Amino acid sequence: MSTAKTKQQQLDELKARIETEDPTPELRKGAIQLVFGDGSAEAPIVFIGEAPGKNEDEQGKPFVGAAGKFLNEMLEMIHLERQDIYITNIVKYRPPNNRDPLPDEKNAFLPFLQEQLAIIQPKLIVTLGRHSMDVLLPGLKISQVHGQPKRYKEHVYLPLFHPAAALYNGGMRQTLIDDFALIPAILEKIKN
């Protein structure tokens with residue numbers, strides 16, 4: 001009988017370790033709970049946002065608010081559902097008043113995010129917004145590279161605008177939909 005742990009068991013252990021090690025005690029104090037990730041531990045695609053918002057903090061799952069609804073719509077457009085992918089954020093606790101995560105908060109969670117990715121081993125990592133892109137693909141401008149796959153440190157990344165940005169800026173909505181539509185072809189190319 002094999003004693004090898006499943007990817008899901010490894011993710012569960014990583015989540016428990018974050019709660020124990022508490023990399024950002026100040027951030028944790030203002031949050032209801034850790035928002036670790038959601039979806040399939042065997043997913044070929046991992047989506048990474050910046051940090052949980054109010055709805056995410058309340059429900060314990062990433063992307064369950066308005067931006068999450070839009071993300072779900074875009075997934076449907078490319079014939080995927082949330083259980084087919086894995087979704088997480090760089091920062092796992094909600095920043096106060098939904099402010100942007102601070103550089104030291106992103107740095108505190110980066111090793112845990114890298115471990116999440118090492119467990120899942122996705123073929124494609126989709127960064128949602130500039131915060132996750134900056135941490136994983138430093139030195140790029142999202143306005144210049146959105147929708148363009150990038151190979152960096154043994155991974156293939158696809159930087160996209162954050163779905164929330166499209167909710168506030170109607171012109172960005174179509175750009176995000178168009179960029180999202182590239183995902184199946186990029187995945188196919190990676191597999192071959």
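Read the figures in this text as sums done on the coordinates, not as results from a lab. These numbers come from a predicted model, not from an experiment. Counting neighbours? That spans all protein chains shown, and the Cβs are built from the backbone with ideal geometry, glycine included.
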Completion exercise
Dividing the alpha-carbon radius of gyration of region 7-191 by 2.2 N^0.38 Å, where N counts its residues, gives 0.95
Practice task
Might you report the magnitude of the Cβ-based charge dipole of the chain about its Cα centre, with Lys and Arg at +1 and Asp and Glu at -1, to the nearest 20 debye?
Solution key: 320
Fill in the blank from the handout: With the dipole of region 62-119 defined by +1 on each Lys or Arg Cβ and -1 on each Asp or Glu Cβ, the option from T88, F63, L102 whose Cα lies farthest towards the positive pole is L102
Fill in the blank from the handout: Taking a crude spin-label model, label points 7 Å out from Cα along the C-beta direction, the D100 to Q33 distance in nm is 3.0
Exercise for the section: Report relative contact order for the chain in percent, whole number only (criteria: Cα-Cα under 8 Å, sequence separation at least 6). Expected result: 23
Exercise for the section: Please report, to two decimal places, log10 I(q)/I(0) for region 106-192 at q = 0.16, 0.18, 0.20 Å⁻¹ as given by the Debye formula with identical point scatterers on the Cα atoms and no solvent. Expected result: -0.65, -0.81, -0.98
Problem - Spin-label model distance (nm) - A16 vs I78, 7 Å beyond Cα toward Cβ - result: 3.4
Handout entry: Cross-link pairs beyond the 24 Å C-alpha cut-off, checked among K106/K150; K153/K189; K5/K189; K106/K141
Key = K5/K189
Completion exercise
Taking a ≥ b ≥ c as the square roots of the eigenvalues of the Cα gyration tensor, with a/c under 1.5 meaning rounded and otherwise prolate when a/b exceeds b/c and oblate if not, region 1-77 is oblate
Problem - Excluding exposed DSSP-loop GluC sites (Glu not before Pro) (at most 12 other C-beta within 10 Å), longest clean stretch of the chain - result: 1-80
Completion exercise
Using alpha carbon centers only, region 2-57 is separated from region 65-122 by a whole-angstrom value of 9
